[in-house]
């Protein structure tokens, strides 16, 4: 008889368990609502495929929606008394990486700066790392909005009391999050994602700046190699001319020895220039995230000029587009939402309990209902609220500090660019033409026997020295310009 009763209890408990599992499974169904859109400006809003009209309509909804496990949860936060409620932010889906095939040709007549930039943006390790960190933050954003799982509990009591099988029950405990803490916590993580996206943009600019600076250095080395090769050819021609004059008894052996020394020196300079070019090409390959460059010369625009750099325009563009300022602004918004969360955490969560049980002694079925709420008497989250307020003050000061740092770096970069530009223009417009004219007249005087070889050699050295100075000034200007175009991101990671 007892065996029959136990079998009946097990059957009834199995039915209750099946009922509870069915109830729990309903909570996994997907709702048809979409999270509301952000009210941020277009420069910082992260779209999720909604039109502006749909986003504006969803922004006014205050419903609690049921979502699947893979769908982000966004709830509108309620303002905390005494604080300014920040605007909610929506996170867009992760972007796929571009295809590397076809970005850089295997064999090409010349290698342009645009090709190297496209290759680096597609697959540079630093950018892959930064994109992965953005995706990691997206996961934290999704996780922050997920509610607590229900807890299923089986409990037996009074087993063996007066020979009875006791009380057997199945219970479900569920913690309900109050004060919209999940939505606020998700907004904290949303601005963390925005910070990480600003860091990704800074990483992109950092890579591009390094490529542009390395390309400028390699281009100058390539031009210097061409120029030193020309000097070698000219020194060889001069040696043959002096040898002819010595054979004709019209020049001394001193001039011949000097011509040989000049040729040897020119060859050493040419070898040094070629070595430096190889080193600069390796540095350019490393900056572009490549093991080595394709065997092609760099595409150099020989007619490129250096434009004026107006300070006011550069400063306004920098303050509008700097990822450093964007990151500092996102940190301020994150701190404000963190204060919202700290204030909301004063309101305790509610834990509810529901269950059914069977009394083996009387064969009665009974229900279990319970509610528990922590009492915020001693701990009202005072420390975290104080920390959040201090973080807001620190983030606000960090924005001012970042702006001052950018102003200082811009002043330094513009000063170096303007100095190199002025030097370049003076060399191109006056000094080089005068040196070329002096060399032409010295050649005529030497051919007519009116001057000796040493005087011609001095003029020749001056001409090629000024041409090398033009390359140096142009390279320095391009280096400073690369920093300005890269929005003065810190070059060190």
Run the simple label-point estimate for residue 133 and residue 114 please: 7 Å along Cα→C-beta, distance reported in nm. 3.1
Pairwise centroid distance, computed over Cα atoms, of segment 404-451 with segment 260-306, Å: 21
Rounded to whole angstrom, the alpha-carbon centroid of segment 343-387 lies from that of segment 121-171 at a distance of 18
Using per-residue counts of other Cβ atoms within 10 Å, averaged over each peptide, order 456-466, 441-451 from highest down. 456-466, 441-451
Please find the FRET efficiency linking residue 257 to residue 444, where r is the Cβ-Cβ separation and R0 is fixed at 35 Å, and quote it to the nearest 0.05. 0.90
Using 1/(1 + (r/R0)^6) with R0 = 51 angstrom and r between the beta carbons of residue 151 and residue 387, what's the FRET efficiency to the nearest 0.05? 0.95
Burial order of peptide ranges 327-337, 428-438 (average beta-carbon count within 10 Å, highest first): 327-337, 428-438
To the nearest 0.05, the calculated FRET efficiency linking residue 397 and residue 349 through their beta-carbon distance, R0 being 41 Å, is 0.75
Radius of gyration, Dmax [segment 303-365; alpha carbons; angstrom]: 30.8, 101
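Any read-out appearing in this document is the output of simple, stated calculations on the displayed coordinates, not a laboratory observation. Keep in mind the model is a prediction, meaning the values are calculated, not measured. In this analysis, Cβ positions are derived from the backbone assuming ideal geometry, glycine residues included, and neighbour counts consider all displayed protein chains.
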